[in-house]
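Please read the structure below before turning to the comments.
The values are calculated or read from the model by the stated rules, or taken from the named source; none is laboratory data. Source: prediction; values computed, not measured. Neighbour counts run over all protein chains shown; Cβ positions are idealised from the backbone, glycine included.
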Amino acid sequence: MKKVMIILSSFLLLSCTKQKDKTVLQEEIRKTEQDFNDSTSKDGIANAFYTFASEDAVIKRENDTLIKGKKAIKVYYSNPKFAKATVTWKPDFIDVSEDGTMGYTYGKYVWTATDSIGNKKEFKGVFHTVWSKQSDGSWKYVWD
């Protein structure tokens with residue numbers, strides 16, 4: 001009986017520790033999402049999407065087009081049509097893999113585009129981002 005209690009206690013301690021670690025990692029991703037969102041207005045959309053991308057990141061955009069690699073993503077968002085655009089988002093859900101190396105988020109976004117004569121159009125939708133923990137401890141997106 002004593003062995004069973006020790007094993008059960010160890011299991012519960014390990015489970016609580018893993019959940020605590022997972023919560024810390026989820027909070028890291030939440031902060032990264034917020035920093036990424038803030039960077040779009042502070043540094044521009046192209047720079048923000050470049051800065052928070054992993055080297056081999058992929059984004060899916062219009063007509064199921066895939067833009068591959070952080071340099072290509074920056075070129076894509078450097079298009080003048082994005083110069084007067086803004087985007088905001090916030091994750092509604094965050095999860096992290098058991099080993100703490102991958103995570104994903106989803107939530108709502110609002111994209112506002114302003115045309116050359118000042119007319120604004122607002123687009124709303126749902127985003128999904130996959131995050132990878134980097135060797136320096138930061139999180140970079142691999143899919144958006």
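Side notes on the structure shown:
- Against the list (1) hydrophobic (A, V, I, L, M, F, W, C); (2) over 17 Å from Asp144 (Cα atoms); (3) touching a Lys or Arg at 6+ places or on another chain (Cβ under 8 Å); (4) modelled with pLDDT of 95 or more, the condition Val24 fails is (3).
- In the range 93-131, residue surrounded by the most Cβ atoms within 10 Å (Cβ to Cβ) [restricted to those that are of a type in the set (S, T, N, Q) and free of Cβ contacts under 8 Å to residues at least 24 places away in the same chain]: Ser97
- Looking across the range 87-120, the residues that are at pLDDT below 95 and not in a loop (DSSP other than H, G, I, E, B) come down to Ala113, Thr114, Lys120.
- Cross-chain or 6+ apart pairs with Cβ under 6 Å, the range 28-39 first and at pLDDT below 95, then surrounded by fewer than 19 Cβ atoms within 10 Å (Cβ to Cβ): none
- If only residues of the range 47-86 that are in contact with a helix residue (DSSP H, G or I) (Cβ under 6 Å, 6 or more places away or on another chain) and part of a helix (DSSP H, G or I) are counted, the one that is nearest to Thr114 (Cα to Cα) is Phe82.
- Here the condition is being touching a Lys or Arg at 6+ places or on another chain (Cβ under 8 Å), closer than 27 Å to Glu27 by Cα and of a type in the set (Ser, Thr, Tyr); of Tyr104, Tyr76, Tyr109, it holds for Tyr109 alone.
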